[in-house]
Amino acid sequence: MAILTKKFICLYHKGLTLPSSPNAGSNLVCELYKSIYGLKQSSQQWYKKLSDALLQEGFKQSQADYTLFTRGSDDTFIALLVYVDDIIIIGPNISILHQLQESLHLKFKLKALGDLKYFLRFEIARAKEELFLCQRKYTLQLLEDSGFMGSKPSKTPMDPKLKLDNEHGEALDNPSHYRQLVGKLLYLTLSRPDITYAANSLSQFMANPRTTHLQAVNHLLRYIKGNPGQGLLYSKSSSLHLRRFSDSDWASCPVTRRSTTGFCIFLGDCLISWRTKKQPTLSKSSAEAEYRAVAATTSEITWLQYLLHDFHIPQPHPSFIYYDNHFAIHIANNPTFHERTKHIELDCHFICDKINNNTVRLIPISSALTSPVLGTHISKMSVYDIHSPS
């Protein structure tokens, strides 16, 4: 059930004098009945008012995500997620959800939108055993605004042989156009893990974009044109145990020579978290880059475990991280291996504590690719296009 609320905050500006008033010169108070967008006080007061009301209703605020509120358990469980003035309420008992809606309606002006179908430019389609999440309408609008609706689709998000830098190509006359496109593509990565690496690479040149960067953006747009309705499929029959895969690309950035961290985390067979990000510091070896990548993955896992705890979803111990670098696994399992790791920051070594506490276990796997079978890997991430003709 989705609920869209109307802002009602009254902002007060004290000490304001009105020249047209007969009592000009005295300290008067103006009461504003409309919320003023852009003011920090508006969002802060709205969130405080709403969170106080939810706490009075018996909700508990999540420590992993302050916009998440939960109450009850089993058949009486309710989860409420807030984004500014948009609210999503979920739970197994529809009558309890209606009771909560009526209770909140007594305190706020609410507009109930019924079953969740569209939220923050995300389209949600539900079947009896599955849920599909995509941004098809947003993607089609992006293609239309950029003039790529009639373009020929490309098969890959980015040319695998392409290495972007700050030297090749000419500086763009209108860099704002490039920045707008990349910004929209970054938002699209929230439902398209297959373009995450390409969008992340292109976002690193927003300060001074060149023609080669714009050509890479156009290539990515043509790839999106081939499957605008692609999104994530979540199955009801999937297990609720976390699985993680982590990797890094050592010194992959030709400009800074920093490595790139990449990971994806599954809840059963359903992809719930993924990231491609350039590491903040230089790594002296590939093993160090891999170790930093698995440390970043462990941080994300720790946060997800707290979040799943709020949803009353227990996780087995230890949880497995699948990894392809044996030396990084050796470092994590042997904290006394000082000679080659003393230059690594202490915050990376917290994974050793997780292993010692039997919270995390690293499992070696192979990540070698014999051929660029992009479609096979996309299907393994439960990424499909239900709008494409069968």
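The values are calculated or read from the model by the stated rules, or taken from the named source; none is laboratory data. Model, not experiment: these values are computed from the prediction. FYI the Cβ positions are ideal-geometry reconstructions off the backbone, even for glycines, and counts take in every protein chain you see. Note: accessible area is taken over every heavy atom of the protein model, side chains too, but ligands, DNA and RNA are not part of it. Shrake-Rupley method; radii C 1.70, N 1.55, O 1.52, S 1.80 Å.
Which of the pairs K225/K278; K117/K152; K163/K184; K152/K225 have their Cα atoms more than 19 Å apart in this structure? Over 19 Å Cα-Cα: K225/K278; K117/K152; K163/K184.
Working note: Karplus 6.51/-1.76/1.60 with θ = phi - 60° gives region 149-155 the couplings 5, x, 7, 7, x, 9, 8 Hz, where Gly and Pro are set to x. Only the Cβ atoms of Lys and Arg (+1) and of Asp and Glu (-1) were treated as charged; on that basis the dipole of region 97-174 about its Cα centre amounts to roughly 520 debye. Each of the peptides 353-364, 102-113 was scored by the mean count of other Cβ atoms within 10 Å over its residues; in descending order, highest first, they stand as 353-364, 102-113. Checking every one of the trypsin sites (Lys or Arg not before Pro) in region 127-159 against DSSP loop status and a limit of 16 other Cβ atoms within 10 Å picks out K128, K155. Computed from point charges on the beta carbon alone (+1 for Lys and Arg, -1 for Asp and Glu), the dipole magnitude for region 168-324 about its Cα centre is near 280 Debye. Using the average count of surrounding beta-carbon atoms within 10 Å as a protection proxy, the listed peptides 307-314, 230-237, 196-203, 293-300 rank, highest first, as 293-300, 196-203, 230-237, 307-314. For region 296-319 and region 70-127, write down the distance between their C-alpha centroids in whole Å. Region 296-319 and region 70-127 have Cα centres spaced 24 Å from each other. Packing order of peptides 239-245, 260-266, 148-154, highest average first: 260-266, 239-245, 148-154 (average count of other Cβ atoms within 10 Å over each peptide's residues). Assuming 0.890 mPa s and 25 °C, estimate D for region 130-183 with Stokes-Einstein, Rh taken as the Kirkwood radius over Cα pairs, in µm²/s. In µm²/s, the coefficient is 172. A cut-off of 5 Å between modelled amide H atoms, ignoring neighbours fewer than 5 places along the same chain, links D385 with G231. Once all protein chains are placed together, K277 keeps about 120 Å² accessible to a 1.4 angstrom probe. Sequentially through region 56-64, phi angles give Karplus couplings (6.51, -1.76, 1.60; θ = phi - 60°) of 5, 7, x, 7, 10, 7, 5, 7, 7 Hz, Gly and Pro residues having no value and appearing as x.
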